[in-house]
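A.B. asks: Structure in structure tokens, see below.
The values are calculated or read from the model by the stated rules, or taken from the named source; none is laboratory data. As the structure is a prediction and not an experimental result, all values here were calculated from the model. We place every Cβ from the backbone using ideal geometry, glycine too, and count neighbours over all the protein chains shown.
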């Protein structure tokens with residue numbers, strides 16, 4: 001019998017990490033900071049507005065008591081789209097830049113890239129329904145590691161920003177303003 005080959009969640013997560021790290025390498029080093037901050041904002045917006053937009057797309061909420069959409073979109077899909085749109089808009093169209101100072105070291109760049117990937121992956125998994133989360137976490141060692149330490153993926157990048165910003169503040173030249 002022919003059995004279909006189904007890629008594992010570990011493969012998907014590994015590919016996502018590689019894509020995010022490659023994005024950080026290809027773009028300017030400081031661009032990964034903008035993406036990291038965008039991921040935070042995307043996580044908050046998706047969690048705050050996801051249910052409201054989900055209700056609108058499923059016909060349970062109207063705009064001005066006249067406009068609604070009836071679809072079969074899942075809450076996970078709606079949050080995923082919101083999350084992706086916010087990251088895309090803020091990363092590419094917002095004008096946010098991480099200028100100033102002397103830039104990131106290679107080690108800082110790698111740390112930010114990995115933490116951004118872990119934050120994005122933990123956010124995506126947290127948008128899933130509980131049963132699907134459990135299934136993914138049980139079937140993937142990487143997802144299990146990421147979700148077990150989810151709080152750290154939210155806190156560590158912020159701590160790294162504070163530590164690295166403090167060490168570079170005194171080293172950048174002033175412009176006499």
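A.B. asks: Considering the range 129-148 alone, what residues qualify as being in a helix (DSSP H, G or I) and either touching a strand residue (DSSP E or B) at 6+ places or on another chain (Cβ under 9 Å) or touching a residue at least 60 places away in the same chain (Cβ under 8 Å) (or both)?
C.D. replies: Matches in the range 129-148: 136, 139, 141, 142, 143, 146.
A.B. asks: Next question, about the same structure. Do we have any residue at all in the range 92-101 that's part of a helix (DSSP H, G or I), under 25 Å from residue 12 (Cα atoms) and at pLDDT below 80?
C.D. replies: yes
A.B. asks: Taking residue 121 as meeting all but one of (1) at pLDDT below 85; (2) closer than 22 Å to residue 86 by Cβ, write down the number of the exception.
C.D. replies: So residue 121 meets the others, but not (1).
A.B. asks: For the range 103-124, name all the residues that are in contact with a helix residue (DSSP H, G or I) (Cβ under 6 Å, 6 or more places away or on another chain) and either surrounded by fewer than 16 Cβ atoms within 10 Å (Cβ to Cβ) or farther than 22 Å from residue 164 by Cα (or both).
C.D. replies: Within the range 103-124, 121, 122, 123 meet the criteria.
A.B. asks: Then there's this: Restrict the check to the range 59-77 and report whether at least one residue is exposed (fewer than 15 other Cβ atoms within 10 Å of the Cβ), at pLDDT 80 or above and touching a helix residue (DSSP H, G or I) at 6+ places or on another chain (Cβ under 8 Å).
C.D. replies: Within the range 59-77 (the criterion being exposed (fewer than 15 other Cβ atoms within 10 Å of the Cβ), at pLDDT 80 or above and touching a helix residue (DSSP H, G or I) at 6+ places or on another chain (Cβ under 8 Å)), the answer is no, since none of the residues qualifies.
A.B. asks: Hey, another quick one. Being modelled with pLDDT under 65 and in a helix (DSSP H, G or I) is the filter here; which residues of the range 153-173 pass it?
C.D. replies: Once the filter is applied, which keeps residues that are modelled with pLDDT under 65 and in a helix (DSSP H, G or I), the range 153-173 yields 165, 166, 167, 168, 169.
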